[in-house]
Amino acid sequence: MTMPGVLDGVRVLDFGRYIAGPFCAALLADLGAEVIRVERIGGGEDRGVIPVGAEGDGSLYLQTNRNKLGMTLDPAAPEGRGVVRRLVAWADVVVANLPPATLRALGLDYASLAAIKPDVILTSISAFGCGGPYEEKLGFDGIGQAMSGAMYLSGSPDEPMKAFVPYVDYATALTAAFGTLAALLHRRASGRGQEVQASLLATALTITNAYVVEQALLAPNRVASGNRSQIAAPSDAFPVRDGWIIVQVVGGPLFRRWAALMGEDHWLTDPRFADDRARGEHGAIVSARMREWCATRTTAEALAALAAARIPAGPVYSPQQVLDDPHVRASALLEGVAYPGTPRPVPLSATPVRLSATPGSIRRRAPRLGEHTDEILARLGYVPAEIAALRATRVV
């Protein structure tokens, strides 16, 4: 039996696209909110990213739209604006990751929404946030990585390297969901709504902030060093006989255990390795020693020896190895969810935070295009003839 969610009774409209907005809404849905994904009539441009279904639905869509109802709508049409007004009057939260001018053009800006429902919460997500010269510019995850310094400090000095996975998008979804929960608490206490603003650049700068602070105060002018950390050692990826592992040694106690494992106890009195900063500066030397040790061992052998010494380390997995990992399976970090047109259940990531009393859960698959349009319109008070008219004029 599904336990009640902490957000049971909260209604959310999701006008998001791609990751940050939709996944923010999905996290709220995991916690019990009723979420409606509002999608353009032909289908959102994010629906087919990494296609895996028979009808072209993508794995990104299946993950970020679980637990939602789905409807199609043209919010720019006059009759569509009427539907939006009814939806907003019904909702508690509106999530939209669109530039400010687009929000205003569609009547989804905070002033327009609050005129319909004074206590509404608007969670708006953009690439760059409001108030600066880039306010109306479009952007994706990789631009946040690039403009925060993260991409410059990754890869090599000759080629900056973007992370393959869009971590800025997902982290922005988390911060937006955090802000939405805070706004809901404020509304419960005060009866007032507000706008919650999040941006890819703000999230990315939060993640790189320590290095920006260091540059402002000390100007070390760091450049990329591949997988090797510059602030501790050994902290790097190392080839073993049957793959790769990553080892991360931070702090004196861990370094002492590592030096004992390597048979390099004399390094403990070497000023080059006196603390994390010094070890980071001489990290190439430390990594070379670790690489020599790893070269004669398999993944299992290396990880077993490191675990016995209580040194943090892990294998570098392929996506298939992630699926096969016994801890991932035993901990139910991925949940199989059936979806029409896929050859087997879709392994969706579970709610990333676990609450003991009110846990999040995946209760339904992502909606097919327009799957619940008629049901939602009927709940808003439209009668069958009105729904048919909206369909005939392609408003829905």
Counting just the residues of the stretch 100-126 that are assigned to a helix (DSSP H, G or I) and modelled with pLDDT of 95 or more, which one comes out surrounded by the most Cβ atoms within 10 Å (Cβ to Cβ)? Leu113
Just wondering, is there one or more residues in the stretch 92-100 that are under 27 Å from the mean Cα position of the chain (by Cα), of a type in the set (Asp, Glu) and farther than 14 Å from Ala366 by Cα? yes
Within the stretch 176-206, which residues are touching a residue at least 24 places away in the same chain (Cβ under 8 Å), assigned to a helix (DSSP H, G or I) and charged (D, E, K, R)? Arg187
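Residue by residue, here is whether (1) surrounded by 20 or more Cβ atoms within 10 Å (Cβ to Cβ); (2) more than 28 Å from Ala91 (Cα to Cα) holds:
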{"position": "Ile143", "(1), (2)": "yes, yes"}
{"position": "Pro157", "(1), (2)": "no, yes"}
{"position": "Met161", "(1), (2)": "no, yes"}
{"position": "His186", "(1), (2)": "no, no"}
{"position": "Ala189", "(1), (2)": "no, no"}
{"position": "Ser199", "(1), (2)": "yes, no"}
{"position": "Tyr211", "(1), (2)": "no, yes"}
When residues of the stretch 357-396 are limited to those that are among the β-branched types (Val, Ile, Thr) and not in a loop (DSSP other than H, G, I, E, B), the one farthest from Val328 (Cα to Cα): Ile387
Scan Arg310, Arg354 and give me the residue that is outside any helix (DSSP H, G or I), in contact with a helix residue (DSSP H, G or I) (Cβ under 7 Å, 6 or more places away or on another chain) and exposed (fewer than 15 other Cβ atoms within 10 Å of the Cβ). Arg310
Taking Gly129 as the residue in question, decide whether it is modelled with pLDDT under 95 and surrounded by 17 or more Cβ atoms within 10 Å (Cβ to Cβ). yes
Does Ala54 satisfy being surrounded by fewer than 16 Cβ atoms within 10 Å (Cβ to Cβ), part of a loop (DSSP other than H, G, I, E, B) and of a type outside the set (S, T, N, Q)? yes
Unique match (being more than 15 Å from Val38 (Cβ to Cβ) and not acidic (Asp, Glu)) among Ala89, Ala101, Ala96, Ala77: Ala101
For the stretch 157-175, check the following and say yes or no: at least one residue is in the same structural domain as Arg17 (by TED's automatic domain parsing), part of a helix (DSSP H, G or I), out of contact with any strand residue (DSSP E or B) (no Cβ under 9 Å at 6 or more places or on another chain) and among the polar types (S, T, N, Q). no
Assess whether Arg379 counts as being surrounded by 15 or more Cβ atoms within 10 Å (Cβ to Cβ), of a type in the set (Lys, Arg) and in the same structural domain as Phe178 (by TED's automatic domain parsing). no
Across the stretch 145-155, what is the total count of residues that are over 30 Å from Val93 (Cα atoms) and part of a loop (DSSP other than H, G, I, E, B)? 6
Among the candidates Gly70, Gly32, Gly21, Gly42, residue that is surrounded by fewer than 17 Cβ atoms within 10 Å (Cβ to Cβ) and in the same structural domain as Pro345 (by TED's automatic domain parsing): Gly42
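The values are calculated or read from the model by the stated rules, or taken from the named source; none is laboratory data. Small disclaimer: the values here were computed from a predicted structure and weren't measured. For neighbour counting, all protein chains shown are included, and Cβ atoms are generated from backbone atoms with ideal geometry for every residue, glycine included.
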